[in-house]
Amino acid sequence: MTGMTGDLVVRTLAESEARDVFTSLHDPGLVGRPLLGRPYSTVAEGGEYRPEWTWVAERDGRVVARAACWAGPGAQQPALLDWFDFEPGEDEAALRLLRALTPKVAFELVLPPGWRTDPAVRAAAEARISAATAAGWTPLVERFRYDWTPPAAQDPEGLPERPGRLHFRPEPDDEVILDVLRQVQHGTLDAHARHALAAGDTAAAGIERAAREDLEHLQWMATFGGREWWRLAYTPDGELAGLHVPGLIPSGYAVGFIGVVPGQRGNGYAHDLLVACTRLLAAEGARSIAAATDLGNAPMAAAFAKAGYRVIQHRFCMTPPHGPEEA
């Protein structure tokens, strides 16, 4: 790694200086948080970041590397490192910055679709990924990030057509939802779930851990509203097929979860669940719906494409040095 001359200071920021200091580092906006079009601002200013979870590395009083962790409203701990960049040649500063960051949380790098085909974009991405790897983060998965808006070419409502093969019922009991999530973990293609499964001391413990992590995420979304939207899906003969969870996140409406139980896989039900989820959110007023799935989850990617979702970003996800239990 290369390094520049001069003393390096790594520190968090105070509210009075946070935005001015953090944004003093020039970023061409090829990768990372700038692609979302939401500038850095603190919670006190109506933004998404907190000074105590924002770090900079300064050399001779000038910011040469920076990192900011995101958390939902009211959270007691950061959830995600989603802003990290540094000046060319400041690899050492980047490494020291990441090592100082506490607590260690997952890193998610926002990327444009096809990011490997543009040399400048690829170099910017790989510089950040390499620095995070050197600091102990581990690559986990790359994900598609989708957006749905009603296209004029579809039916008069602009919605994907209902297949009509499943019946949907609300389920207010989180324990029932948890049991369905346990079933969905068997044979899952989701990398985050598989990581949780592998962290369990036994197969049963791994399934429990993965299911509870999913439920906690869905419950977090429900703090913004929409718990009554959760639906279990059944075949015409009354067998459980799976569940879909329409939700809300800070940026708006989202597909929170699509899951088919093992005995019903291979029937294309992920598409049925996604259509039902999309139509429910549209009925609630959504004109844009966010969603995501792993690049390796071909069945879910096909369902999104069929339902009219378009890929707007990729996300490169990395697990923290000490695992999610210490994040």
For the chain, what relative contact order do you get, as a whole percent, if you take Cα pairs closer than 8 Å and at least 6 residues apart?
-> 20 percent
Could you look at the stretch 118-221 and say what percent of its accessible area is carbon and sulfur, using a 1.4 Å probe and all protein chains?
-> 53 percent
Surface accessible to a 1.4 Å probe, per residue, for the residues of the stretch 36-84, Å² | 39 Å²
Along the stretch 96-108, Karplus-curve 3J(HN,Hα) (6.51, -1.76, 1.60; θ = phi - 60°) to the nearest Hz, with x for Gly and Pro, reads 5, 4, 5, 5, 7, 4, 8, x, 6, 10, 4, 10, 10
For the stretch 12-72, the accessible surface attributable to carbon and sulfur atoms (probe 1.4 angstrom, ligands and nucleic acids excluded) amounts in percent to 50 percent
What whole-number value in Å² describes the accessible area per residue of the stretch 96-189 for a 1.4 Å probe?
-> 50 Å²
Amide H of ASP190: which non-local residues (sequence gap of 5 or more, or other chain) have their own amide H closer than 5 Å, using H built in the peptide plane?
-> none
In Å², what does the accessible area per residue of the stretch 210-327 work out to with a 1.4 Å probe?
-> 39 Å²
Evaluate the charge dipole of the stretch 222-307 about its Cα centre and quote only its size in Debye, nearest 20, assuming +1 on the Cβ of each Lys and Arg and -1 on the Cβ of each Asp and Glu.
-> 200 debye
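The values are calculated or read from the model by the stated rules, or taken from the named source; none is laboratory data. Nothing here was measured: the structure is a model prediction, and the numbers come from that model. Neighbour counts run over all protein chains shown; Cβ positions are idealised from the backbone, glycine included. In case anyone asks, the SASA skips ligands and DNA or RNA and just uses the protein heavy atoms, side chains included. Shrake-Rupley method; radii C 1.70, N 1.55, O 1.52, S 1.80 Å.
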